[in-house]
Amino acid sequence: MSDRFALTGARIFDGADWHDDTALVVKDGVVEAILPAGAVPSGVSHVETGGGLLVPGFVDIQVNGGGGIMLNDHPDVASIETICRAHAPFGTTALLPTLITDTPAITAAVDAGAEAARKKVPAFLGLHLEGPHLSVARKGAHDPALIRPMTDADQAALVAARQGLPVLLTTVAPESVQPARVTALAAAGIVVSLGHSDTGYATATAFAEAGATVVTHLFNAMSQIGNREPGLAGAAIDTGSFYAGIIADGIHVHPGTMTLALNAKKGPGRILLVTDAMATIGTDMTSFTLNGRTIYRKDGSLRLADGTLAGADLDMISAVRFVHRVVGLDLDEALRMASLYPAEAIGQAHRLGRFANGTAADIVGLSEDLDVKNVWIGGEKVFAA
């Protein structure tokens, strides 16, 4: 195939609007144009899709593992590549491998591996460091022995890591991080998310003013909405500057609660889909370990022996189908939650989550039933059903 080709025969969603009887023209790994099917220039290779839909590639900002690998256990380039490859068949073309709270040595190893992966792994977008600066009271599956306040050295390490990465997102709790540190991290280009926290509404909104712009897995591992205290969950919905990830598997958040949140969310920040996926994605494994503890896969969920949810057994196309079919969102909005909104949350909407001249040719071909048929990353086909 030449470096310039046109995908034809499918309905095209550009991130905002649908296009019928058109072609998606790709050149040198980026989108060149959406043209009427009969207006493709001569000499451009035609690739017939066989119908269905062409949509922007999914962007997942919280991916702990996949393909049998947990980033915590194997903090290196090969593992990052395995995780990215495991998620591609489910439509994810750009992701943030996520390190769950671990030791300083493991964190440093992940930072080093990530910088090397930037040049070798097309789907690799950067890192999400979820912890260790969290609240023990809302630890979830994080090891409480490894949770600790942020120090000057931790802050300096985060700033240094960001210099070698396109995107660095870190989840912190106000209980373990001072607002001035959030301001400094945001000034260094780090995306700061609040999560695993029992903080109140007033403190959460103060941290938004300090520079936090995201909330990690809405409603999970955080203070809930009450009649006299809206908590972090309420702040995430009521504060326009916050984007908020949500795990749409029907286990972490009830569909009715999702509907309430989606209807109430103030913008311009949006609620976006995350998988919080673990090593199980793309495998038939029934258990694995995290920080020395066994996590069991059963009935669509992942849990510690005591029943605590530990990430999700979820892929992105399943999350899209869930919010479309169960929650009842229009398909275009469900797709934006998986592509445009996460790209916006991490400052990458200029090149991801939509089709426009110059954006990355990260493309997902779907059937009318929303099964993944084909996936392209940077114009290169990486999956065909």
* Residue selected from region 1-40 under the condition among the small types (G, A, S) and without any contact (Cβ under 8 Å) to a residue 24 or more places away in the chain, by the criterion least open to solvent (accessible area, probe 1.4 Å) -> A23
* Taking region 187-203 only, how many residues are without any contact (Cβ under 8 Å) to a residue 24 or more places away in the chain and within 20 Å of the chain's Cα centre (by Cα)? -> 1
* Any chance region 126-135 includes a residue that's out of contact with any helix residue (DSSP H, G or I) (no Cβ under 6 Å at 6 or more places or on another chain) and under 24 Å from A264 (Cβ atoms)? -> no
* Structure fact -> Only unsatisfied item for I34, checking (1) over 30 Å from H128 (Cβ atoms); (2) in contact with a helix residue (DSSP H, G or I) (Cβ under 7 Å, 6 or more places away or on another chain), is (2)
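Can you tell which of L314, L329 is part of a loop (DSSP other than H, G, I, E, B), aliphatic (A, V, I, L, M), touching an Asp or Glu at 6+ places or on another chain (Cβ under 9 Å) and in contact (Cβ under 8 Å) with a residue 40 or more places away in the chain? Spell out how you get there, then give the answer.
Details: L329 fails: touching an Asp or Glu at 6+ places or on another chain (Cβ under 9 Å).
Only one candidate qualifies: L314.
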* When you scan region 126-240 for helices (runs of 4 or more DSSP H) that lie fully inside it, which ones turn up with 3 or more residues that are open to solvent by less than 10 Å² (accessible area, probe 1.4 Å) and at pLDDT 95 or above? -> 231-238
* Asked: What are the residues in region 332-350 that are open to solvent by 30 Å² or more (accessible area, probe 1.4 Å) and either among the hydroxyl-bearing types (S, T, Y) or in contact (Cβ under 8 Å) with a residue 12 or more places away in the chain (or both), if any?
  -> D332, R336, E344, G347
* Do you know which residues across region 247-280 are aliphatic (A, V, I, L, M), free of Cβ contacts under 8 Å to residues at least 40 places away in the same chain and farther than 22 Å from L96 by Cβ? -> L260, A264
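Mind checking which strands (runs of 3 or more DSSP E) fall wholly inside region 19-79 and carry at least 2 residues that are hydrophobic (A, V, I, L, M, F, W, C)? Walk me through it before giving the result.
Working: elements: 22-27, 30-36, 45-48, 53-56, 58-63.
Output list reads 22-27, 30-36, 53-56, 58-63.
Can we say A105 is modelled with pLDDT under 95, open to solvent by less than 10 Å² (accessible area, probe 1.4 Å) and either over 15 Å from I377 (Cβ atoms) or over 17 Å from the mean Cα position of the chain (by Cα) (or both)?
Working: modelled with pLDDT under 95: yes; open to solvent by less than 10 Å² (accessible area, probe 1.4 Å): no; either over 15 Å from I377 (Cβ atoms) or over 17 Å from the mean Cα position of the chain (by Cα) (or both): yes.
Spelling it out, it is not the case that A105 is modelled with pLDDT under 95, open to solvent by less than 10 Å² (accessible area, probe 1.4 Å) and either over 15 Å from I377 (Cβ atoms) or over 17 Å from the mean Cα position of the chain (by Cα) (or both).
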* Restricting the search to region 241-278, which residues are under 20 Å from R325 (Cα atoms), open to solvent by less than 20 Å² (accessible area, probe 1.4 Å) and part of a loop (DSSP other than H, G, I, E, B)? -> A248, V253, T275
* Structure fact -> Note: among V323, V382, just one is touching a helix residue (DSSP H, G or I) at 6+ places or on another chain (Cβ under 9 Å), aliphatic (A, V, I, L, M) and more than 23 Å from H217 (Cβ to Cβ), namely V382
* Structure fact -> Only unsatisfied item for H217, checking (1) farther than 21 Å from T275 by Cα; (2) out of contact with any helix residue (DSSP H, G or I) (no Cβ under 6 Å at 6 or more places or on another chain), is (1)
* Structure fact -> When region 110-125 is checked residue by residue, the ones that are in contact (Cβ under 8 Å) with a residue 40 or more places away in the chain and in a loop (DSSP other than H, G, I, E, B) are R118, K120, V121, P122, A123, L125
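The values are calculated or read from the model by the stated rules, or taken from the named source; none is laboratory data. Being a predicted model, the structure only gives us computed values, none of them experimental. Cβ atoms come from the backbone with ideal geometry, glycine included; neighbour counts cover every protein chain shown. Remember, those area values only see protein heavy atoms, side chains included, never the ligands or the DNA or RNA. Shrake-Rupley method; radii C 1.70, N 1.55, O 1.52, S 1.80 Å.
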